[in-house]
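Notes for the one structure printed next.
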Amino acid sequence: MQRTTLVQHIRQRGFSTPGATGEFTSLMNEIIVAAKIVSLEVNRAGIGEDILGLTGKINVQGEEVQKLDEFADLTFSTIIGQSGTVCAICSEEKDEPYIVPEEDRGKYIFMMDPLDGSSNIDVNVGIGSIFSIYRKISAGNEVTEADLRQPGHQQVAAGYVIYGSSTMFVLTTGQGVDGFTLDPSLGEFFLSHPDLRIPEQGSTYSINEGNMEIWDKEQQQLVSHLKASDPATQRPYKLRYIGTLVSDFHRTLLKGGIFMYPQDKNSPQGKLRYAFEAAPMAYIVEHAGGRASTGTQRILDIVPDELHQRVPLFVGSTRDVELAEKILSGAECAPN
Ligand code: AHM
Ligand code: MG
């Protein structure tokens, strides 16, 4: 049987347009290498070297840094930083962007959450890596604020790697979304989920419902609505929440429904980071036919005020996200 590898797919997918230098293909190849190294380490966690647990450091988000967080950050940064294809690397784990030395600079900006779902590392539950690629937009050699704070719709590509029951690489370069599964015996990602389309409506909601008391009234109404029984609109919805965005998003992409991380009294801007989490997932879901919003605004239209800006996130099936927007705007809880 002829199987398409991720590398072949990227080559076939037209970054071979006139004038293309091959830089994007090289960058993608380096991301794939880094993803395989991190996947191997995640699978070996708990055996051999001491890789589980905390480093004792606190990151820019004020969270404790796990050893695997640090390993993933270092692996992606080192491999991509030396690739000659990027001029800056921004990581959720790092306060400041890494600006590549002038002689090694390429034309892309690389954004990443190197290991998403840190709280699930030690308990053998799915974790992932999220990345996003932009072009440098300012003239000249210097990397400017404008390069680092672009609206999500300017992404060139976005994807994630999910280290779950198998390792999968999900990618969009703006022409549909495709999923590739790692064959561990060959060490290759093979196309397993071509042209992923999210169902127009699902029957699952995903949210940390333990925060209910600190949500605002409309958010509470929205969740009550999804839990109320109405077979005509497939309610009550099922609740599924893993606590790793990559895993919760991946299930939502495949099966439909809605993932929500709203603002609350403790996190008035929401918890998730625009550049590293919300924007890449929004870019992927839109290219799969879904929708992503803050509840009032399209995620991909936001120009972040700062690199580590947080936003509320409502992402998933178009009809489910539209319903959320409607209820959050204060409209009556109509049947749908
Ligand atoms: P992380 O990037 O430090 O792992 O944090 C982000 C994670 C997301 O993966 C997940 O959706 C969310 O935080 C879960 O938060 P909570 O534990 O508040 O439900
Ligand atoms: Mg994260």
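Some notes on this structure:
- Pairs are defined by a Cβ separation below 6 Å, a sequence spacing of at least 6 or placement on different chains, a first member in segment 70-97 that is at positive phi, and a second member that is part of a loop (DSSP other than H, G, I, E, B); the pairs so defined are 84/106.
- Candidates 175, 221: the one that is modelled with pLDDT of 95 or more, open to solvent by 70 Å² or more (accessible area, probe 1.4 Å) and either in contact with a helix residue (DSSP H, G or I) (Cβ under 9 Å, 6 or more places away or on another chain) or part of a helix (DSSP H, G or I) (or both) is 221.
- Some residue of segment 257-264 being open to solvent by 70 Å² or more (accessible area, probe 1.4 Å) and within 23 Å of residue 127 (Cβ to Cβ): no
- Hits in segment 94-125 - residues which are open to solvent by less than 20 Å² (accessible area, probe 1.4 Å) and under 20 Å from the mean Cα position of the chain (by Cα): 108, 109, 110, 111, 112, 113, 114, 115, 116, 117, 120, 121
- Segment 75-111, subset outside any loop (DSSP other than H, G, I, E, B) and at pLDDT below 95, residue nearest to residue 28 (Cα to Cα): 104
- Of all residues making up segment 215-243, the number that are β-branched (Val, Ile, Thr), within 16 Å of ligand 1 (Cβ to nearest atom) and closer than 15 Å to residue 320 by Cα: 1
- Among (1) open to solvent by less than 10 Å² (accessible area, probe 1.4 Å); (2) within 11 Å of ligand 1 (Cβ to nearest atom); (3) in contact with a Leu (Cβ under 7 Å, 6 or more places away or on another chain) - the single one residue 246 does not satisfy: (3)
- Conditions (1) among the aliphatic types (A, V, I, L, M); (2) open to solvent by 70 Å² or more (accessible area, probe 1.4 Å); (3) touching a residue at least 40 places away in the same chain (Cβ under 8 Å); number of the one not met by residue 302: (2)
The values are calculated or read from the model by the stated rules, or taken from the named source; none is laboratory data. Quantities reported herein were computed from a predicted structural model and do not represent experimental measurements. Virtual Cβ from ideal backbone geometry, glycine too; neighbours counted across all protein chains shown. Just the protein is used for accessible areas: all its heavy atoms, side chains included, with ligands, DNA and RNA removed. Shrake-Rupley method; radii C 1.70, N 1.55, O 1.52, S 1.80 Å.
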